[in-house]
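Here's the structure we're looking at; comments come further down.
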Amino acid sequence: MQLLIEIVKGTTTVPLFITDTKMINRDVIEHIVKDFIKDTDYFIVDINVGINNQIKVYIDSYQTVSLDYCVQLTKEIETKLNRDIEDYDLEVSSAGITSPFKVDKQYHKNLGNEVEIFTTESKKIIGKLLNHQEDKITVEIETKEKLEGAKRKTLVKKEVLIQKKDIKTIKQHLRFK
């Protein structure tokens, strides 16, 4: 369906075209991607279908996400969609090492790695991700504390339990030395 709306400015009539484009269903894209990545260590992090059918697919893997794999997945999606019927832009990429975690598999992938957490109370916590459960995580942090009988503060490792509902964002923490 195509509508023509006229905007009148003084004596000049300017046509404005609005096209009713068919939105691509996110579930269709998800089904295509799931079929392609089954029996691999790849997993879906996020799929967005925005206005004008701007499709963004973010994947991750327990190993690495190669550019070649992203290209293969892009071609697979393109073979399943008909550009004559549905006009779209497609972007397939890895979730990115500095992107916040969105799915549980990202927590599992990063067990033993250092993570950066921002809590809902605007507190920043950096520590090693030790455990991940459905509703909580355990992180090992280092703090300086004055131990009984000591003259100076010493570095102490502590395990901290954090409820997932209290996490605003969590991502892998990178240190540059």
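All of the numbers you see were taken from the coordinates with simple rules; none came from a lab. The shown structure was predicted, so the numbers you read here are calculated from the model rather than taken from an experiment. Positions of Cβ are generated from backbone atoms using ideal geometry, with glycine treated the same way; all protein chains shown enter the neighbour counts.
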Charge tally in the Cβ shell below 10 Å around Glu134, where Lys, Arg are +1 and Asp, Glu are -1, Glu134 excluded: 0
Label assignment, mean projected area of the Cα convex hull in nm² derived from the structure, set [x] 12.4; [y] 18.0; [z] 10.6: [y]
Which of the residue pairs Lys102/Lys136; Lys38/Lys105; Lys124/Lys144; Lys109/Lys144 have a Cα-Cα distance greater than 19 Å in the structure shown? Lys109/Lys144
Reachable aspartates and glutamates from Lys22, criterion Cα separation under 20 angstrom, eight or more residues apart if same chain: Glu30, Glu78, Asp84, Glu86, Asp87, Asp89, Glu91
Along segment 35-51, Karplus-curve 3J(HN,Hα) (6.51, -1.76, 1.60; θ = phi - 60°) to the nearest Hz, with x for Gly and Pro, reads 4, 5, 8, 4, 6, 10, 9, 7, 8, 7, 9, 6, 9, 10, 10, x, 4
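Once the piece of chain linking Ala150 and Asp41 is laid out straight, how much longer is it, given 0.36 nm per residue of separation minus the C-alpha distance between them? All intermediate terms of the calculation are to be shown ahead of the outcome.
Values: separation 109, 0.36 × 109 = 39.24 nm, distance 4.91 nm.
In short, 34.3 nm is gained.
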Among Thr120, Tyr58, Ile32, whose Cα sits farthest toward the positive end of the charge dipole of the chain (+1 at Cβ of Lys/Arg, -1 at Cβ of Asp/Glu, about the Cα centre)? Thr120
Straight-distance crosslink candidates among aspartates and glutamates, where the alpha carbon sits under 19 Å from Lys171 and sequence neighbours closer than 8 are dropped: Asp46, Asp60, Asp104, Glu114, Glu116, Glu121, Glu134, Asp135, Glu140, Glu142, Glu159
